[in-house]
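The structure appears below as structure tokens.
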Amino acid sequence: MQFFITGIGTEIGKTVVSAILTEYLQADYWKPVQSGDLHWTDTMKVQSLISNTKSVFHPERHRLNAPLSPHASAALDGVQIELSDFTLPQTSNHLIVEGAGGLMVPLNDQDVMLDLIQQIQIPVILVSRNYLGSINHTMLSIEALQHRQISIAGIVFNGEPNAATETFIEKYSQPPVLFRVGDLPEISPKVISKFIKEMNIDSLKLM
């Protein structure tokens, strides 16, 4: 199985959700573009949260220095990102791919993350986080994916629960809610493993 993890914006919790799914599936992990934080990349973060020994962490295609949108960071580094740069890593294992920011984050002057998702052609898991405006951002993200006829495996809610928000999104959107992360006491391999056991993720029928 292969999934592209995207979110309704930045700082939504994609990396934690990616770590949960990488550990649950004992999958490989790939971050196509890392923009900033090269001393502590998302690949490093996920790797630090994994307990299994099967997962392989594939190198980023682009590693950019400034913590900006990829197109701006690439320009500062003198790099031109092209969609043709990206091909899925070769693996016989499950694969989790983590995007950067939300769907409309620019990669260059004409392509956005949504174009990369459409090119890669694997199902999307959309991470949502409850805040004022998140219903709008979640529903617009779903509509954008559906408009491109991109398969949505489901939605994951991250952070402090909000029943009114989550119930509305679940009722009015077609993709199923896969699970809710909530506010974890800390982020560690032990907490990730405990979360997977307690949430009974086997029931999600991702396998």
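The table for this structure:
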| item | result |
| --- | --- |
| Failed condition for VAL79, given (1) touching a residue at least 12 places away in the same chain (Cβ under 8 Å); (2) in contact with a Pro (Cβ under 8 Å, 6 or more places away or on another chain); (3) of a type in the set (Val, Ile, Thr) | (2) |
| Test for ILE192: is it buried (at least 18 other Cβ atoms within 10 Å of the Cβ), assigned to a loop (DSSP other than H, G, I, E, B) and β-branched (Val, Ile, Thr) | no |
| Breaking point among (1) buried (at least 19 other Cβ atoms within 10 Å of the Cβ); (2) in contact with a strand residue (DSSP E or B) (Cβ under 7 Å, 6 or more places away or on another chain), for ARG180 | (1) |
| Qualifying residue in region 20-36 (condition: surrounded by fewer than 22 Cβ atoms within 10 Å (Cβ to Cβ) and within 12 Å of the chain's Cα centre (by Cα)) | no |
| Strands (runs of 3 or more DSSP E) contained in region 92-167 and holding at least 3 residues not aliphatic (A, V, I, L, M) | 152-158 |
| Strands (runs of 3 or more DSSP E) fully within region 1-85 counting 1 or more residues that are more than 22 Å from VAL177 (Cβ to Cβ), of a type in the set (Asp, Glu) and at pLDDT 95 or above | 28-30 |
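The values are calculated or read from the model by the stated rules, or taken from the named source; none is laboratory data. Note that this is a predicted model, so its numbers are computed, not measured. Positions of Cβ are backbone-derived with ideal geometry, glycine not excepted, and every protein chain shown enters the neighbour counts.
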